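In what follows, a single structure is set out as structure tokens and then discussed.
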Amino acid sequence: LNSAELDEARAIADEHNVVLMDATTVLHMPLYQELRRRMDAGDFGRMNLAQLNFGSYKEYGDLTNRFFNRNLAGGAMLDIGVYALSVMRLFMASQPAEVVSLGNTCETGVDVAGGIVCRNAEQQLGVVSLTLHSKQPKRSVISFDKCYIEVNEYPRADHATIVWTADGHREEVHAGTEAYALCYEMADLEKAVAGDDSKRELLDYASDVMELMTKLRADWGVVYPEEE
């Protein structure tokens with residue numbers, strides 16, 4: 001549910017010499033691995049801004065379902081925010097140190113919408129909007145000096161469009177297959193168990209995302225029973 005629980009899980013895994021891995025799909029999709037490879041090679045120039053939307057329409061009629069149920073760790077942040085924040089963090093040079101936000105809660109006490117702005121030491125910005133009560137496109141735009149990259153349906157994306165600043169031409173990038181998302185998670189776990197440090201380090205990104213989510217929920221006053 002929070003950073004303290006994740007820290008405890010990591011410590012137990014280390015104590016027993018087992019591999020702990022976050023199954024959030026965006027950490028494992030080949031598309032993001034390819035885009036990050038090109039980013040790290042300097043193809044895109046400096047990353048300046050990440051903008052991400054994620055909106056689902058969930059009826060308020062049944063507030064006992066998992067989306068709104070405080071006893072089931074409901075709310076937009078843990079249900080859909082994790083995907084947006086994971087994409088944002090993958091393209092940032094470091095963890096955001098400054099975070100400002102506004103969050104709306106429903107009568108059960110969980111968050112149903114949020115607007116978030118983050119900034120790290122490199123002055124890279126992340127802007128995220130989330131809602132469980134309005135349909136939005138799952139759209140991410142990562143802006144660099146030389147281009148911007150647009151990824152739609154980003155939680156399990158296998159396709160991105162790069163629009164180059166100099167002449168406006170569009171480059172289509174395909175990597176992986178959406179239907180194999182869970183297979184990529186298992187493959188990365190196998191590689192991590194076999195000693196691939198690049199796969200083991202994915203948990204550091206997950207820890208950064210959990211730290212952001214924990215802070216945001218605290219700022220919004222969203223507390224689950226186990227945390228009281």
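Simple point charges give the picture: +1 on the Cβ of Lys and Arg, -1 on the Cβ of Asp and Glu, and for the range 81-228 a dipole about the Cα centre of about 380 debye. Treating only the Cβ atoms of Lys and Arg (+1) and Asp and Glu (-1) as charged, compute the dipole magnitude of the range 90-142 about its Cα centre; round to the nearest 20 debye. Charge dipole, the range 90-142, about its Cα centre: 260 debye, nearest 20. The range 1-29 and the range 33-80 have Cα centres separated by 19 Å. Along the charge dipole of the range 3-219, which of Thr165, Thr24, Leu203 sits closest to the positive end, that is, farthest toward it, with unit charges on the beta carbon of Lys, Arg, Asp and Glu (+1, +1, -1, -1)? The residue sitting most towards the positive pole is Thr165.
How far is it, in nm, from the label point at Glu172 to the one at Arg66 when both lie 7 Å from their Cα along the line to the Cβ? Roughly 3.4 nm, to one decimal.
Would you be so kind as to identify all helices of the chain, as entire DSSP H runs, whose Cα atoms reach 20 Å or more along the helix's own axis and whose mean Kyte-Doolittle hydropathy is at least -0.5? The answer, listed by residue number, is 202-220. The distance between label points at Ala121 and Gln136 comes to 3.0 nm (points 7 Å beyond Cα on the Cα→Cβ vector). Candidates Phe144, Val87, Ala175 compared by Cα position along the dipole of the range 3-219: farthest toward the positive end lies Phe144, with charges placed on Cβ.
Each principal axis of the Cα cloud of the range 129-216 was taken in turn, and the coordinate range along them, longest first, works out to 44, 32, 28 Å. For the range 1-96, a crude dipole built from +1 on the beta carbon of Lys and Arg and -1 on the beta carbon of Asp and Glu, taken about the Cα centre, is about 380 debye to the nearest 20.
With θ taken as phi - 60° and the Karplus curve 6.51 cos²θ - 1.76 cosθ + 1.60 applied, the whole-hertz 3J(HN,Hα) list for the range 167-174 is 9, x, 6, 10, 10, 9, 10, 10 Hz, x standing for glycine and proline. Over the range 87-175, one equal point on each Cα, no solvent: what is log10 I(q)/I(0) by the Debye formula at q = 0.22 Å⁻¹? Log10 of I(q)/I(0), two decimals: -1.17. Taking the average, over residues, of other Cβ atoms within 10 Å as the packing measure, peptides 114-120, 125-131 rank 125-131, 114-120 from highest down. Whole-percent P(r), the chain, all Cα pairs, 5 Å bins from 0: 1, 7, 14, 17, 19, 17, 13, 8, 3, 1, 0, 0.
Ranking Thr64, Ala218, Leu49 by how far each Cα lies toward the positive end of the dipole of the chain (charges on Cβ) leaves Leu49 at the top. Helical content alone sets the calculated 222 nm signal of the chain at -9500 deg cm²/dmol, taking -39,500 (n - 2.57) per DSSP H segment of four or more residues and averaging over every residue. Each pair of Cα atoms in the range 31-86 enters the Kirkwood radius, and Stokes-Einstein at 20 °C and 1.002 mPa s then converts it into a translational diffusion coefficient of 152 µm²/s. By its C-alpha gyration tensor, with a ≥ b ≥ c as the square roots of the eigenvalues, how is the range 1-136 shaped: rounded for a/c under 1.5, else prolate for a/b larger than b/c, else oblate? Oblate.
Each value in this text was obtained by applying a stated rule to the coordinates, not by laboratory testing. Predicted model, so just to flag it, every value in this text is computed and none were measured. Reconstructed Cβ throughout: ideal geometry from the backbone, glycine too, with neighbour counts over all protein chains shown.
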